[in-house]
Structures are given as structure tokens and as C-alpha cells.
Amino acid sequence: MDDPTNPVYKDQRHGKSRELLYSYDENGKFKKTVGFHGEPDRVILQQAWDVFNDRIENARQKVIIGKVSPIVYYMEKNLMDPLSLSMLTGISIWRVKLHFKPFMFKRLNRKILQKYADAFNIGVNKLTKVE
Amino acid sequence: METNKIILNYTHRQAGHCESGATSNLLNFYGHDLSEPMAFGIGNGLYFSYIPFLKVQYAPMISFRNLPNVVFHRSAKYLNIDATVVKKIRDPKESMLALDRNLERGIPTGMQVGTFNITFFPPEYRMHYNMHNFVCFGKEGNLYHISDTVMEDTQVLSYEDLLRVRYAKGPFAPNGKMYWINNVPKELDMKSAIAAGIKKTVYEMIKIPFPLIGVKGLRWLSRDLKKWPRKHGNDKASFYLGQILRMAEDFGTGGAGFRYIYGAFLKESGELLNNSELLEASDMMGKTANQWREFTYIGAKNCKNRAAPQEDYGMLGNRLFEIAEMEEKVYRKLDKIKI
């Protein structure tokens, strides 16, 4: 179990911290061990990141071909959905969804862009393009 | 810029579950050595709910833990501890001032936070999860000293970051919730606290007349699990199955959806009260927890290759149903025990 090389995680930064894990053996003792997660636990966590990364990459491609606005990319990158984005910015959800369209996004004023930038924790000038 | 430095003499101990760990560490600060499983059991950490129509991170919401702050609140109530819980502070700056005032008075303060923006958090866990708890025990200029029970050591967080995580948005938003202990009695009445804690947990797991909570929810989930591949396709079914396992194993549960911690609580209280029936129940709970682990081992095979499942979902559903039966036996037994 104590394997810091973590062959399952694709991101090198993952799986570096040790956690407290409990277990129960045949003698009826609950044991506490500080260690890394086993392989099955890593597999299921990596699965979630695979799905998230797919969504982020998908959104990035759509932004590049001009189908959706960069807000969608940053929303996916921050693992949000329209509802939580609307709660965070204080803009109602149907307006947030309108701003997903590039046509509406171009017409946004600086004040609203600032709200989105604050929600994503980035600068306003970075909001208009994807990396 | 003020440069006053306050660091309280707070012992950081790593724990499986964030909130019971925080509770046990806070009590330890006031001179009562309460272990983590004990705080978890008395404060009713054990829970199960399955809410298929509420989606969290694109999958149905499955929770193995109680609502945020229940563990601290109930263990304080049952142990007769004078504690304060501030549920909501509207102004973020005011909430930070309240934290500063507490630190100046020498009170370590627990907070509910969202995990996504915590800078020191392990990157693999940095998803949106608003029910995390940690304790702030010191301040040095702009930096706050944090004891997060997920981490091995204490950490620091800057003012801006702390403000951001305390006002994370989404389901179960923390809204700057904070809690601390004012006064602790010299002797804790463990017997009545354990009895009250077990009674409440049994009520929540088998007696709530609502089909999605407790053992009934587990059975409902096992029936739904069989339908997922037909209803949503293999890809999504595998992701949903992964969500069950992630909630049970990964997010700071100590393994098997807190069942190990609860078993440890039953064992410890059985030894404390010299009650052989509690020890038997703890053995049953430990075996159930091992079944959960096995369920994870088998389920993870399906998550490895999403499109082509290796194991049959019907078999997994049956296994989950068996686990529900085993758990119900434990709760029925606990229900009859007189402490």
C-alpha cells in the first residue's frame, strides 16, 4: 500500500500526501495506519479526473472554433456548473447561460466581466482568451 | 499592517473524518482526551442518503456523512459542553474580525469551508465539496495557522484565501459558519452520551420514514445500480458507480464510508462500559466494513475501463443489497442494547 510512485494517477502532483486509514483484521482489532491509498481507490479518483479533463478539453475546443464563449471553458476548468457560477457571481442563471454565446459575451461591459474574473480568480484581460 | 503573533498551544492530530477530528482535537485542547471514533459516534457522524435528482459533480448525490456541523453540535449537546455555533455571517469581513477576536481571547475556532480553493489541499481532492471542516488556531500577520485533519502537519493560509474558502458557493454553502467551545465540565458523562449517540444513529439509519435515507436508501441505491447500464449506458453507469465508491472511500472517510470509524467507536465504548453486546456489534460492524472494502475492489474494476465493464452490474447491486441487510442487523442489535 505504501507506494509513493502511484502508477495510476496521470497527474504527477497527485497522490503525494499520506492519510489516516482504518482497517479491521480477523482478531477483531481496528487498526489505524498512516499511508497512501490503495490501487482501487486511486482508480476511482482518476476516473473522476478523466471525466473532468475530458469536459475541459471539449470546452476548450469549442471556444477555439467559436461555438461558445471563454466563460464556458473557465467554468469547466473550475469544475462548476451554471447554477454554482450564477450563485458565485450574483448574475441570474438565464443571463449566465446567455453569456455562454460568443455574440453576447462580446457585448459585456467591464463591470460584469470583472464579476466573472473574480469568480474564476483570474484577471479580466485573461478572461477573453483560453490558453 | 499589524504584525501581532498569536499561536495557541494546539495539538494537531490527523484523523479520518474532518469534523469529528476537529471536534476531538478541540476537546483535547481543553484537556479531555476524546478519541476521534468517540467524537464521531457520539456526534452521529454515520449516515447514508441517496438523492438521485440532485446532481453533484455530474453524478447523483450520495452522502455517507451527516449534514455539516451535526457532529460538533450533537457531541457538544450530549456531553454537556458549552459551545457556540454561529451559523451564518453575512458580511465576510465581519466574519474574519470575529475569528481574530476569538484568537485574541485564546479560543481555537472551527470553520466550515469549501475545499476547491484551499491552497495546501492535496490536488487530487480539489473538487467542489462544501462540507469540509478545519480549525484555525493561530495568526501571524497576514497568515492564519490551520489544523486540517486530512493533512499530516499543520498548514498556513493567507487572509484572502481563507476568506475565499469560507464563502465558497454551491450546495451546502458554508456562509462563514464557525464554532468553538466556551466551557467544558470537569467530568464528562460518557455513559449517557454514548447511549444518546447510539440511539440517534439507530433512528437515523433505520427509523426515518423516508425511503432515501439510511438502510432504505442503501437498498434503493442497490436497485437503481442494476438499472444504470440500461438506463444511462455503460459510460455513465461506471461514472455513477465511481461516485458511490469515491464518496465511500476517498474523501476522508477512513475507509468504507466511515463504517470502520463507527466500529472502532462501538469497540471503544464497549470496553469503556464493559458491555459485551457492544463488542459483538462492533465485530459485526467491522465485518460489514470489510464487505464495503471488497465492494470497492470489485467496483473499481468497472471504473478502470469505462466502456466495457468487467463485472456485472446486477451482481454489484446484489452485493450492495447484502451489505444493506448486514448493516440493518447491526442497527437492530444496537436498538435492543440497554446501556
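What the table shows:
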{"read-out": "Which numbered condition A:Ser92 fails, given (1) at pLDDT 85 or above; (2) out of contact with any Ser or Thr (no Cβ under 8 Å at 6 or more places or on another chain); (3) not aliphatic (A, V, I, L, M)", "value": "(2)"}
{"read-out": "Selected residue (only one of A:Leu45, A:Leu83 is touching a helix residue (DSSP H, G or I) at 6+ places or on another chain (Cβ under 7 Å), within 13 Å of another protein chain (Cβ to nearest Cβ), open to solvent by 20 Å² or more (accessible area, probe 1.4 Å) and within 30 Å of B:Cys303 (Cβ to Cβ))", "value": "A:Leu83"}
{"read-out": "Flag if B:Lys338 is in contact (Cβ under 8 Å) with a residue 12 or more places away in the chain, at negative phi and either among the basic types (Lys, Arg) or part of a helix (DSSP H, G or I) (or both)", "value": "no"}
{"read-out": "For B:Leu97: the one exception among (1) away from every other protein chain (no Cβ under 14 Å); (2) touching a Pro at 6+ places or on another chain (Cβ under 9 Å); (3) open to solvent by 20 Å² or more (accessible area, probe 1.4 Å)", "value": "(2)"}
{"read-out": "Positions within segment A:65-96 being assigned to a helix (DSSP H, G or I) and charged (D, E, K, R), in sequence order", "value": "A:Glu76, A:Lys77, A:Arg95"}
{"read-out": "In segment B:167-178, residue least open to solvent (accessible area, probe 1.4 Å) [restricted to those that are in a loop (DSSP other than H, G, I, E, B) and at negative phi]", "value": "B:Pro174"}
{"read-out": "Residue within segment B:218-235 that is closer than 26 Å to B:Glu19 by Cα, away from chain A (no Cβ under 11 Å) and modelled with pLDDT under 85 present", "value": "no"}
{"read-out": "Whichever residue in segment B:39-63 is aliphatic (A, V, I, L, M) and in contact with a helix residue (DSSP H, G or I) (Cβ under 6 Å, 6 or more places away or on another chain) and, among such residues, is farthest from the other protein chains (Cβ to nearest Cβ)", "value": "B:Ile42"}
{"read-out": "Options B:Asp224, B:Asp235; residue that is assigned by TED's automatic domain parsing to the domain that holds B:Glu327, charged (D, E, K, R), open to solvent by less than 80 Å² (accessible area, probe 1.4 Å) and part of a helix (DSSP H, G or I)", "value": "B:Asp224"}
{"read-out": "Matching residues, segment B:247-263, being modelled with pLDDT under 80 and either open to solvent by less than 10 Å² (accessible area, probe 1.4 Å) or more than 16 Å from the chain's Cα centre (by Cα) (or both)", "value": "B:Ala248, B:Glu249, B:Asp250, B:Thr253, B:Gly254, B:Gly255, B:Ala256, B:Gly257"}
{"read-out": "A:Leu88 surrounded by 17 or more Cβ atoms within 10 Å (Cβ to Cβ) and either among the acidic types (Asp, Glu) or on the phi < 0 side of the Ramachandran plot (or both)", "value": "yes"}
{"read-out": "Selected residue [modelled with pLDDT of 80 or more and either closer than 27 Å to B:Leu334 by Cβ or assigned to a loop (DSSP other than H, G, I, E, B) (or both)] from B:Phe48, B:Phe53", "value": "B:Phe48"}
{"read-out": "Answer residue from segment B:56-74, given it is more than 17 Å from B:Gly21 (Cα to Cα) and either in contact with a Ser or Thr (Cβ under 6 Å, 6 or more places away or on another chain) or assigned to a strand (DSSP E or B) (or both) and is modelled with the lowest pLDDT among those", "value": "B:Val56"}
{"read-out": "Where a residue in segment B:279-302 is within 13 Å of A:Ile44 (Cα to Cα) and more than 7 Å from chain A (Cβ to nearest Cβ) and its partner, wherever it lies, is of a type in the set (Ser, Thr, Tyr) and crowded, with 24+ Cβ neighbours inside 10 Å, with Cβ under 6 Å and at least six apart", "value": "B:Asn302/B:Ser238"}
{"read-out": "Extreme residue, nearest to the chain's Cα centre (by Cα), among residues of segment B:48-80 that are open to solvent by 30 Å² or more (accessible area, probe 1.4 Å) and farther than 19 Å from B:Arg246 by Cβ", "value": "B:Leu67"}
{"read-out": "Lone unmet requirement of (1) in contact (Cβ under 8 Å) with a residue 60 or more places away in the chain; (2) open to solvent by less than 10 Å² (accessible area, probe 1.4 Å) for A:Gly35", "value": "(1)"}
{"read-out": "Test: residue in segment B:32-47 that is of a type in the set (Phe, Trp, Tyr), surrounded by 19 or more Cβ atoms within 10 Å (Cβ to Cβ) and more than 15 Å from B:Leu79 (Cβ to Cβ)", "value": "yes"}
{"read-out": "Subset of segment B:196-249 [acidic (Asp, Glu) and in contact with a Lys or Arg (Cβ under 9 Å, 6 or more places away or on another chain)]", "value": "B:Asp224, B:Asp235, B:Glu249"}
{"read-out": "Filter result for the condition that a residue is modelled with pLDDT under 85 and open to solvent by 20 Å² or more (accessible area, probe 1.4 Å), over B:Ala300, B:Ala307", "value": "B:Ala307"}
{"read-out": "Residues of segment B:1-48 classified as touching a His at 6+ places or on another chain (Cβ under 8 Å), closer than 24 Å to B:Val215 by Cβ and not aromatic (Phe, Trp, Tyr), total", "value": "2"}
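The values are calculated or read from the model by the stated rules, or taken from the named source; none is laboratory data. Please read these numbers as outputs of a predicted model, since none were measured by experiment. Quick reminder, even Gly has a Cβ in these numbers, built from the backbone with ideal geometry, and neighbours come from all protein chains shown. Accessible surface is based on the protein model in full, side chains and every heavy atom, while ligands, DNA and RNA are left aside. Shrake-Rupley method; radii C 1.70, N 1.55, O 1.52, S 1.80 Å.
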